[in-house]
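Only one structure is covered here, and it is reproduced in the block below.
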Amino acid sequence: MKRPLSITLSLLLALSLTGCGKQESTPPETEPEEPPAVEEPEAPPAPEPYDILDPTVMPAGGSRDGVSYTEWSGIVEHLFFHPVIAYPELAFDGDAQANGLDDFMVTVDEYNKILQSVYDNDYVLVDIGDVWSETTGEDGQSKMVRNPLYLPEGKKPLILSFDDTNYYPYMLENGLTYKLILGEDGKIASWGLDPQGNEVVSRDLDAIPILDKFVEEHPDFSPFGAKGCLSLTGYEGILGYRTQTDTKSWSAEQEANRQLEREAVQPIIAELKRTGWTFGSHTWGHIRLGAKSLEAVQADTERWLDEVGSLVGPTTILFYPHGERPDGNDWQTTGPNFRYLQSMGFRVFCSVGVESFSYIKKDICAVICDRLHPDGTTLRHSRKRYLQFYDAKDIMDVDVRPQREIDWS
Ligand SMILES: [Zn+2]
């Protein structure tokens, strides 16, 4: 893993922008990420039969505080976002990255409208960690089971996850916020620079504090206190703090700075956890799990655990970079990369797809699930598929985005 810093960074930067979107974002209906023949026939979206576990977070039916809870046995929808664009005039300035940002991100205004719409459509937030559990089957083998979900009557469960909440340098130059901080009120806020270069501390410009505020204003959107799962790489640090190492050229001064950043991010992590946010791995280097050798995946995972896991704590959630499935296929086969990642504690393996598909694997204790992706690509080309959440016609900031094709037929 010893590479010159400049090469490593430029490679990773390129991957983080082009890559993060390229396969993570499923193209329009005509080109599903996975061949439908592979994805759909044997794995119906209908929920699997599951063992009844003792729910610790959610009430087991009945009434609580005047609200009736009923069991939900349908699909648990899962939407994921990238960091949101605070200043579209910087993101969509016609530079080389403008179209990538258009493809893979939404603006603050769009994000606000999406939250309002999913709320109006009776979705409520559940934590991904509450949807499945590990248990021991009759054969003595560990396996994943779907937990019973008791929701306020008439409500539907929704998982949110947020990929690449690392505040990569390319994002800072393109109208996104720079880092999370604690505001004067002790709440999570973002810090950044506006297009004129003025420092801005706000709870209105970043997906994370925006959701915090939305739940403060609409507490019934999160009946169990869930927010979202933050999907973190490690190569540019986390949450805007440069907590990463470089193995090639590393001075004592750099290490001292890194330790300061590690200290500085800890209160942010603690406050996020306290307010319902959870963390998952997006691999250290945003690597392609389909193509990488087992040795490379092992080295990357150890580095993630050392530099990120040591800060955010244990997690069972893995979000595939580029949506790329380990060993090329995580569903019909269980290859060496998948097996290794599972052995390191991961149990919920998330890709990207055309529906909130999930499948409990039979041969190993793991569940794989696909996520839908509100972003420019689907706003432009997948309006129908997302109508249960929102109507792209009501959401998309057509005027501030690049003038590219829209297909709302
Ligand atoms: Zn990513």
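The values are calculated or read from the model by the stated rules, or taken from the named source; none is laboratory data. What you are looking at is a predicted structure, and each value in this text was computed from that prediction instead of being measured. A quick note on method: Cβ atoms are made from the backbone with ideal geometry, for glycine too, and the neighbour counts reach across all protein chains shown.
Kindly indicate whether any position in region 76-89 is assigned to a helix (DSSP H, G or I) and crowded, with 17+ Cβ neighbours inside 10 Å.
yes
With the requirement that a residue be at pLDDT below 95 and either within 30 Å of Glu236 (Cα to Cα) or touching a Leu at 6+ places or on another chain (Cβ under 7 Å) (or both), what does region 149-172 give you?
Correct list: Pro169, Tyr170, Met171, Leu172.
It is to be established whether one or more residues within region 217-225 are at pLDDT 95 or above and part of a strand (DSSP E or B).
no
Look through region 310-326, keep the residues that are crowded, with 21+ Cβ neighbours inside 10 Å and on the phi > 0 side of the Ramachandran plot, and return whichever of them is nearest to the ligand (Cβ to nearest atom).
His322
State all residues of region 269-323 that are farther than 24 Å from Asp206 by Cβ and among the acidic types (Asp, Glu); if no residue qualifies, say none.
Correct list: Glu295, Asp300, Glu302, Asp306.
So which residues in region 286-306 are in a helix (DSSP H, G or I) and of a type in the set (S, T, N, Q)?
From region 286-306, those in a helix (DSSP H, G or I) are 294-306; that's our starting set.
Listed by number, the residues that qualify are Gln298, Thr301.
For the condition in a loop (DSSP other than H, G, I, E, B) and farther than 26 Å from Leu372 by Cα, what is the one hit in Thr334, Thr315, Thr245, Thr283? Before the answer, list the steps.
Details: Thr334 fails: farther than 26 Å from Leu372 by Cα; Thr315 fails: farther than 26 Å from Leu372 by Cα; Thr283 fails: farther than 26 Å from Leu372 by Cα.
Testing whether each residue is in a loop (DSSP other than H, G, I, E, B) and farther than 26 Å from Leu372 by Cα leaves just Thr245.
Here are some conditions: (1) crowded, with 16+ Cβ neighbours inside 10 Å; (2) in contact (Cβ under 8 Å) with a residue 24 or more places away in the chain; (3) under 30 Å from Gly328 (Cα atoms). Ser222 meets all but one. Which one does it not meet?
Failing condition for Ser222: (3).
Scan region 127-186 for residues that are without any contact (Cβ under 8 Å) to a residue 40 or more places away in the chain and among the charged types (D, E, K, R) and jot them down.
Our first condition is that a residue be without any contact (Cβ under 8 Å) to a residue 40 or more places away in the chain; within region 127-186, this holds for 136-140, 154, 172, 183-185.
Within region 127-186, Glu138, Asp139, Glu184, Asp185 meet the criteria.
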